[in-house]
Structure formats: structure tokens, C-alpha cells
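Everything below concerns the one structure shown next.
Bear in mind that the values in this text are calculations on the coordinates, not laboratory data. Remember, predicted model here, so these are calculated numbers, not experimental data. Every residue, glycine as well, gets a Cβ built from its backbone with ideal geometry; the counts of neighbours run over all protein chains shown.
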Amino acid sequence: MKHPEPINHEIKLSTKRYIVSETDKKGIIEYANDYFVEIAGYTKDELIGKPHSIIRHPDMPKIVFKMMWDRIQKGGNMLALVKNLAKDGSFYWVVTEFEPKMDPITNEMISCTAFRKAAPRDAIKVIEPIYAKLIELEKAGGMEASEKYLHGFLEDKKMTYDEFIDNTVGNKGVFKIFFTMMKKLFS
Ligand SMILES: Cc1cc2nc3c(=O)[nH]c(=O)nc-3n(C[C@H](O)[C@H](O)[C@H](O)COP(=O)(O)O)c2cc1C
């Protein structure tokens, strides 16, 4: 799939609205809420049935998505800071919680919902240089290199990935309440 050329324009997201999408087990979009459609710049028809990588921004390191897929396929939730690409090449930053639905018999992932809200400025400031470093490492040495760096980085901080992200986005407060509410609404 051909991606739009990124431009240096940030879409200002409403702090009151949320972006929700649901995919099948392969990441094909099956549901998009109105705000997702509005911000992505595609029509609903253009989004449904497409791989979620349709909004992948080249500034996102591969390792973040690899960790997310590893986690959700095991039935775990994951919180991540994601920079996404709109149809016109603009970008927007979101705090995203991925929540998989598992088959109770096979224990395999059936589908996954992602809840997103505007990312706090401070969190973007923290994560931007880290993602830039991870991308640089991936260009030179592939995902092995970025994974190694990320492990070292978290070891230095004596934090797990989840602790680091919770800290960075302040998940203990507003986000926690918001995501809990969303999950109830969509369950
Ligand atoms: C429920 C769900 C939501 C996703 N949302 C996004 C998203 O907002 N942005 C994004 O770039 N990738 C998202 N992905 C990940 C994509 O499926 C894909 O792994 C990622 O864009 C990397 O694409 P690539 O492997 O083709 O490089 C989502 C996946 C799932 C399962």
C-alpha cells in the first residue's frame, strides 16, 4: 500500500474526544469511530477492510509494533505512544491502549480494539528522541539493534516498559479513568 508523503504539520486533537478502531486478528480494520474517520482524513469505506498500517507514520520504530503484537497475541493489553499519519501527510500523537479479545477455547486472539486520546505534550517531548534513536538503530542494524537498546534503556531506568509508559503518560490519573470507561462502553 502506498503511504502519503509525511508533511511537517501536526493535527491538534480535541482533548475531549477519542479515536477508536477495531481490527481482526491480522490487523485489518473492521470498525472506525467518527473521530478516527475525521482525523485520519479517509472515508469510512477507505478504512474498513484495510490493514491498520494505512496510518503508519515512518517516524514510528518497528520495535514498538512488534512488542504490541507479541503482547496482544498473548491476550495482554498494551499502552503505547503512537505517532500516526493522516491522508494528507499530517501527523498526530495519541496515547493508545490496545485491548485484545481472546477465544476462550483456543486462547488465540480473535480481534483487538484500540482506544486513543490526545497525547500530553510532555509525554511527546520524552518519547520523540527515544523513537528517533530507535529508528536510527533500526536503519543501521535492524530490529535486533533497537530491541537491545530499548532493553538497556529500561534496565538503566530500572523500569519495565509498562512502568515507563505509565510514568510518561501519567496513566495513573486521567488516562486510567478514561480507558476503563471506554472499555466498559465498548464491551
Ligand atoms: C487494534 C489495532 C490498532 C492499531 N492501530 C495502529 C495505529 O493507530 N497506527 C499504526 O501505525 N499501527 C497500528 N496498528 C499496528 C498495525 O497493524 C501495524 O502492525 C503497524 O502499523 C506496523 O506496520 P508494518 O508492520 O506494516 O510496518 C494497530 C494494530 C491493531 C491490532
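Out of the residues in the range 84-100 that are in contact with a His (Cβ under 7 Å, 6 or more places away or on another chain) and more than 17 Å from residue 65 (Cα to Cα), which is farthest from the ligand (Cβ to nearest atom)? Outline the logic, then answer.
Of the range 84-100, the ones in contact with a His (Cβ under 7 Å, 6 or more places away or on another chain) are 84-85, 90-91.
Checking which are more than 17 Å from residue 65 (Cα to Cα) leaves us with 90-91.
Details: 90: 14, 91: 11 Å.
Among those residues, the one meeting the criterion is 90.
Do we have any residue at all in the range 20-35 that's under 16 Å from the mean Cα position of the chain (by Cα), closer than 23 Å to residue 128 by Cβ and surrounded by 15 or more Cβ atoms within 10 Å (Cβ to Cβ)?
No, because not a single residue in the range 20-35 is under 16 Å from the mean Cα position of the chain (by Cα), closer than 23 Å to residue 128 by Cβ and surrounded by 15 or more Cβ atoms within 10 Å (Cβ to Cβ).
Among the numbered criteria (1) more than 11 Å from the ligand (Cβ to nearest atom); (2) closer than 17 Å to residue 57 by Cβ; (3) in contact (Cβ under 8 Å) with a residue 40 or more places away in the chain, which one does residue 117 miss?
Unmet for residue 117, out of (1) more than 11 Å from the ligand (Cβ to nearest atom); (2) closer than 17 Å to residue 57 by Cβ; (3) in contact (Cβ under 8 Å) with a residue 40 or more places away in the chain: (2).
Inspect the range 146-153 for any residue being within 26 Å of residue 31 (Cα to Cα) and under 18 Å from the mean Cα position of the chain (by Cα) and give the result as yes or no.
Step one: list which residues in the range 146-153 are within 26 Å of residue 31 (Cα to Cα), which gives none.
There is no residue in the range 146-153 that is within 26 Å of residue 31 (Cα to Cα) and under 18 Å from the mean Cα position of the chain (by Cα).
Considering only residues that are out of contact with any Cys (no Cβ under 8 Å at 6 or more places or on another chain) and within 7 Å of the ligand (Cβ to nearest atom), which ones fall in the range 54-77? Before you say what the answer is, go through the steps one by one.
Kept after step one, since they are out of contact with any Cys (no Cβ under 8 Å at 6 or more places or on another chain), are these residues of the range 54-77: 54-71, 73-77.
55, 56, 57, 60, 62, 65, 68, 69 - these are the residues of the range 54-77 that are out of contact with any Cys (no Cβ under 8 Å at 6 or more places or on another chain) and within 7 Å of the ligand (Cβ to nearest atom).
Mind checking which residues of the range 149-160 are loosely packed, with under 11 Cβ neighbours inside 10 Å and part of a helix (DSSP H, G or I)?
Once the filter is applied, which keeps residues that are loosely packed, with under 11 Cβ neighbours inside 10 Å and part of a helix (DSSP H, G or I), the range 149-160 yields 152, 155, 156.
For the range 1-52, which residues satisfy the criterion of being over 19 Å from residue 83 (Cα atoms), within 14 Å of the ligand (Cβ to nearest atom) and not in a strand (DSSP E or B)?
Residues satisfying the conditions are 25, 26, 48, 49.
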